[in-house]
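What follows is a single structure, written as structure tokens, with notes after it.
Laboratory data are not the source of any read-out in this text; all were calculated from the coordinates shown. Keep in mind that what you see is a predicted model, and the values were worked out from it rather than measured. We place every Cβ from the backbone using ideal geometry, glycine too, and count neighbours over all the protein chains shown.
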Amino acid sequence: MSELDGPRLAPASGQPARQLVVFLHGYGANGEDLIGLGSEWRELLPEAAFLSPNAPETLPMGGFGGYQWFELTMRDPDERWRGVNKAAPLLNAYLDKELAAHGLDDSALSFVGFSQGTMMALHVGLRRPKPIRSIVGYSGMMAGVEHLDDAPINKVPVFLAHGTADDVIPIQAMHATREVLANKEFSVEWHESPGVGHGIDMEGLRLGGQFLRSSFDGKLNMD
């Protein structure tokens, strides 16, 4: 597997980036799937560069333009755990390279994940050597909740949003994730999108953008 790369947007300020927002797409998609969210948030976050790398693996059965962070085995928790661990080194290498290129450290980094990308955001985002700024997760869940005590983790502020009609990853998965994080004394905000399936509605988009803005402005609990 080669180095990660994908579409990106420069800061709306026209100045060097002071923040990095990294989108992690879902199974079968690619970086183009989420980079449009950056266009929605550029004015809200004028100092942020938005990056949306393609996941490292092409789909096993082909699939035009589609990628996966790991093989999709939604009903096997052990496979999900092995999957996020397998993909993590490439994502961490990408993050290290991009942060260095922009002259930034992890305190300037936030993740926005969707579905399988939310699993990656929560896995890598909590385990970086130094705390990142925040994590926004749409329509996803945490992989390997039973492994949270296996190694040191950073209590990064988290926002989760999920559609009540999601038939791919049921909304109960979001609530299970937020309860685990809350029990570990994380700062967790969450939003239910009524009648929404496996996707992001405008309210979830608005709240996610506001959460990122608040985290970069230092208005969230970073303990």
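Can you give the relative contact order of region 143-223 as a percent, counting alpha carbon pairs under 8 Å and 6+ residues apart?
Over region 143-223, the number comes to 37 percent.
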What list of ³J(HN,Hα) couplings, whole Hz, do you get for region 87-97 from phi and the Karplus terms 6.51, -1.76, 1.60, once you set θ to phi - 60° and write x for glycine and proline? 7, 4, x, 5, 5, 5, 5, 4, 4, 4, 5
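Test of understanding: ordering W81, W69 by Cβ neighbours within 10 Å, fewest first, what list do you get?
With the sparsest Cβ surroundings first, the list reads W81, W69.
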Under a cut-off of 24 Å between alpha-carbon atoms, report the lysines in cross-link reach of K184, not counting same-chain residues fewer than 8 places apart. K130, K155, K219
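Going by how many other Cβ atoms sit within 10 Å of their own, how do L4, L205 line up, fewest first? List each step's numbers first, then the result.
Values: L4 21, L205 17.
Lowest count first: L205, L4.
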Protection proxy (average C-beta count within 10 Å per residue), highest first, orders 95-103, 27-35 as 27-35, 95-103
Taking θ as phi - 60°, what are the ³J(HN,Hα) couplings along region 134-140 by the Karplus curve (6.51, -1.76, 1.60), each to the nearest whole Hz, with x for Gly and Pro? 5, 9, 10, x, 9, 6, x
Placed amide H near H191: partners under 5 Å, 5+ positions off or other chain: L160, A161, H162
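Test of understanding: ordering T177, T58 by Cβ neighbours within 10 Å, fewest first, what list do you get?
Details: T177 24, T58 15.
Ascending Cβ contact count within 10 Å gives the list T58, T177.
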Charges only on Cβ, +1 for Lys and Arg, -1 for Asp and Glu: so what's the dipole of the chain about the Cα centre, in debye to the nearest 20? 460
In order over region 193-205: 3J(HN,Hα) from phi, Karplus 6.51/-1.76/1.60, θ = phi - 60°, whole Hz, x for each Gly or Pro, gives 9, x, x, 8, x, 7, x, 10, 9, 5, 5, x, 5
Put +1 on the Cβ of each Lys and Arg and -1 on the Cβ of each Asp and Glu in region 102-183; which of A182, H147, V158 then has its Cα farthest toward the positive end of the dipole? V158
Rounded to 5, percent antiparallel among DSSP beta bridges of region 8-216: 15
Ratio of alpha-carbon Rg to the 2.2 N^0.38 Å globular estimate for region 8-216, to two decimals, please. 0.94
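Nothing charged except the Cβ atoms of Lys and Arg (+1) and of Asp and Glu (-1): what's the magnitude of the dipole of region 9-70 about its Cα centre? Round to the nearest 20 debye.
Values: 2 positive and 6 negative charges, 25 e Å.
So the dipole magnitude of region 9-70 works out to roughly 120 debye.
Stokes-Einstein D for region 110-222 at 20 °C, 1.002 mPa s, Kirkwood Rh over Cα pairs, in µm²/s? Please report the intermediate quantities before stating the final value.
Details: Rh = 13.8 Å.
Using the Kirkwood radius from Cα pairs, D works out to 156 µm²/s.
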Under the rule of at least 5 residues apart or a separate chain, name every residue whose amide H is placed under 5 Å from the amide H of G113. L24, V136, G137, Y138
Between M202 and K219, what length comes free when the chain is fully extended (0.36 nm per residue of separation minus the Cα-Cα distance, one decimal in nm)? 3.8 nm
